[in-house]
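Below is one structure, written out as structure tokens, with a few remarks after it.
Only the coordinates and a few stated rules stand behind these numbers; no lab work does. Treat the numbers as computed from the prediction; the structure is a model and nothing was measured. Cβ atoms come from the backbone with ideal geometry, glycine included; neighbour counts cover every protein chain shown.
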There are 2 protein chains.
Amino acid sequence: MSARLGASLSFLDWMQGVQTAMEQVLDRFLPTLTQVPAKLHEAMRYTALDGGKRVRPLLVFAAGDLFDTPLPLLERAAAALEMIHVYSLVHDDMPCMDDDALRRGKPTVHVKYDEATALLVGDALQAQAFAVMSDAVGLSELDAVATMQRQLGMVQLLAQAAGSAGMCGGQAIDLASVGMTLSLAELEQMHRLKTGALLRASVMLGAMGGKTLTAAESAALDEYAGAVGLAFQVVDDILDATADSATLGKTAGKDAADNKPTYVSILGLGESQALAEKLRGNAHQALAPFGDKARRLRELADLIVQRKA
Amino acid sequence: MSARLGASLSFLDWMQGVQTAMEQVLDRFLPTLTQVPAKLHEAMRYTALDGGKRVRPLLVFAAGDLFDTPLPLLERAAAALEMIHVYSLVHDDMPCMDDDALRRGKPTVHVKYDEATALLVGDALQAQAFAVMSDAVGLSELDAVATMQRQLGMVQLLAQAAGSAGMCGGQAIDLASVGMTLSLAELEQMHRLKTGALLRASVMLGAMGGKTLTAAESAALDEYAGAVGLAFQVVDDILDATADSATLGKTAGKDAADNKPTYVSILGLGESQALAEKLRGNAHQALAPFGDKARRLRELADLIVQRKA
């Protein structure tokens, strides 16, 4: 599906179009079963394909609308971000972390295979993400110098978002916070890194593949991504407290069972719902300068706040 | 230390110069303790600094001599490769893999901290490696377009070498081979991925930072790197069977205890030593086209075969 062709579609059709396209894109960018070692590649494909809401790819494609980012760069960014996200889930589910047996409705990798395989699947998916993001094959019809410059910047931003100043840093703070009483500000900082950094990177990579962003454009997208990222986590906490495992495709009620601080445990359910709604408003406001080109980003902010799983 | 200044030094002085410089380079490219989360950054620095023979950085700097690769690119490549190498050791030492308590003469990360921290330290070091490799800060005095093109190619090669077609793939084959009888060809394939891919990447990154390699230059360096990579592993197996833990800085005799196939277990000690010597000759032969510019690469081949730890 071309990003531009999708302009006439309803939001639901657009979303399903991106999700379907992502299965093909991931299939194309993952190692095949005919390559050695087959078992590792099977496990990488088991966890990365056929599952997930693909929130990060949706943000990439929606942000790509802003500046008509070329499809090959959108595909690379979306696949790379999803690989980083999936690897983090595989490692996060391991016994030494959250010790979870169910993910996206399927047995987690260390349950389906073994712990050592889960460790290597995560490690290899992270490396593959950077191989995809820096892949120059099939980009020859684009302006070579501008594309190289953007790709290098995208690698840099992805690495920062995935590392100790982003996702891994948030995981470390999360680990250290189990059983502790966090203030709202501390909880927010943890989530800004743990899930927020990668969601922000999704918006930024989608946009910066199309042009070098001005400071004002960066700031507006930052504000949007910050609001959506926090809203995503607030809603996650609400769903963990209110939905069942079958609906979520993962174990519900884990946060309370693990004695983890959440928005619901700090603010209560009603105030958490009000906060999510306020953040949705902030996200819309931040997009005002982009006019109709930001339609998909607006619709995604709505989806993230109103989702049921 | 500038790569070119080192030309008049003895091999030992040159080697120690690179090793000392690498501590400073890694210190500069690792997150500081004043950045959040401090404990994760402390653990990353604990395992990455002040230890190791820095074989990969030595190969980067030696290969950089061939085409006068600019120092900022050599430093980035060397730091990134060492971070990938160190992360792989941290994960490899975890209980679900080799379960080792001693590394470079110090407690391993999961022993000194805990398993979850070891998992995150490895994950964050891999991300940091790609952040460093794609870092554009301080490169402005170089030709911008050529440098971008080289950096993007270096990110791509590093990602391939680290992932499932390289280091992670070799680890997976290694895991699957415990307790099995491997042929010499199967053992060689495992090592070509597990340690060979990153050693080859060291040579290639050091060289390609200086120019776009011709097919003949690539082939010659490939042959050198292949010989040195295998020799490295043969000597590792010889040392594991003959040296003690204090000399190695890690647990000796692990391979036999773990029932792992090695060159010594398949070929015997004498034939293994003869093979290492033959590979050293092959490495020297491959470097013939480069003349005196390949002096450090020659000396490194000698070091790798003649080392005692």
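Label position 7 Å from Cα toward Cβ: report the copy-to-copy distances for B:Thr20 in nm, one decimal, ordered from shortest.
So the label point of B:Thr20 gives 6.5 nm to the other copies.
For labels at A:Tyr46 and A:Ala274 in the simple 7 Å Cα→Cβ model, what's the distance in nm?
The answer from the label model is 4.7 nm.
Label B:Asp114 and B:Ala146 with points 7 Å out from Cα along Cα→Cβ: what is the distance between them in nm?
5.2 nm
I need the per residue convex hull volume for segment B:183-293, using only the alpha carbons, in cubic angstrom as a whole number. Don't jump to the answer; show the numbers that get you there.
Details: hull volume 13.3 nm³, N = 111.
So the per-residue Cα hull volume is 120 Å³.
Given the options B:Val137, B:Val203, B:Val55, state which has the largest fluctuation in a GNM of chain B using a 10 Å cut-off (strictly under) for Cα springs.
Most flexible of the set in this elastic network: B:Val137.
For B:Leu139 and B:Ala101, calculate 0.36 nm times their separation in residues minus their Cα-Cα distance, and state this gained length in nm to one decimal.
Details: separation 38, 0.36 × 38 = 13.68 nm, distance 4.02 nm.
Extra length available between B:Leu139 and B:Ala101 comes to 9.7 nm.
With +1 on the Cβ of every Lys and Arg and -1 on the Cβ of every Asp and Glu, and nothing else charged, how large is the dipole of the protein assembly as shown about its Cα centre, in debye rounded to the nearest 20?
Values: 56 positive and 74 negative charges, 160 e Å.
The dipole of the protein assembly as shown has a size of about 760 debye.
Label-to-label distances across copies for A:Leu49, with labels 7 Å out along Cα→Cβ, in nm, shortest first?
A:Leu49 label point versus its equivalents elsewhere: 4.5 nm.
If you take the C-alpha gyration tensor of the protein assembly as shown, multiply each eigenvalue by 5 and take the square root, what semi-axes do you get, largest first, in whole Å? Intermediate values should be presented prior to the final figure.
Numbers: eigenvalues 353, 153, 93 Å².
Ellipsoid semi-axes (Å, largest first): 42, 28, 22.
Whole percent per 10 Å bin, from 0 to the bin with the longest distance: what is P(r) over all C-alpha pairs of chain A?
6, 28, 37, 23, 6, 0
Which percent of Cα pairs goes in each bin when the distances of segment B:215-258 are cut into 5 angstrom slices starting at zero?
Over segment B:215-258, the share of Cα pairs per 5 Å bin runs 5, 21, 19, 15, 11, 10, 9, 7, 3 percent.
If I take every Cα pair under 8 Å that is 6 or more residues apart in segment B:9-306, average their sequence separation and divide by the length, what percent do I get for the relative contact order? Each step should come with its number before you reach the end.
Values: 411 pairs, mean separation 62.9, N = 298.
The value is 21 percent.
Sort shortest first the distances from B:Asp292 to its counterpart in every other copy, using label points 7 Å along the Cα-to-beta-carbon line, and give them in nm.
7.0
Could you derive backbone 3J(HN,Hα) for segment B:217-224 from the dihedral phi with the Karplus parameters 6.51, -1.76 and 1.60 (θ = phi - 60°), listing whole Hz in sequence and x where the residue is Gly or Pro?
Running phi through 6.51 cos²θ - 1.76 cosθ + 1.60 with θ = phi - 60° gives 5, 4, 5, 5, 5, 4, 5, 4 Hz.
Give me, ordered by chain and number, the residues 5 or more places off B:Arg103 or on other chains with an amide H under 5 Å from its own placed amide H.
Sorted by chain and number, the residues that satisfy this are B:Thr108.
Specify which residue in the list B:Met190, B:Ser177, B:Leu239 is farthest towards the positive end of the charge dipole of segment B:165-241, using unit charges on the beta carbon of Lys, Arg (+1) and Asp, Glu (-1), about the Cα centre.
B:Met190
With +1 on each Lys and Arg Cβ and -1 on each Asp and Glu Cβ, and nothing else charged, work out how big the dipole of segment A:1-77 is about its Cα centre, in Debye to the nearest 20. Before the final figure, lay out the partial values.
Values: 8 positive and 8 negative charges, 42 e Å.
Result for segment A:1-77 is approximately 200 debye, rounded to the nearest 20.
Could you give the dipole magnitude of chain B about its Cα centre, charging the beta-carbon of Lys and Arg +1 and that of Asp and Glu -1, in debye to the nearest 20?
I would put it at about 480 debye.
How high is the FRET efficiency from A:Ala246 to B:Asp222, r the C-beta distance, R0 56 Å, rounded to 0.05? Please list the in-between numbers first.
On the way: r = 53 Å, r/R0 = 0.94.
Computed FRET efficiency for A:Ala246 and B:Asp222: 0.60.
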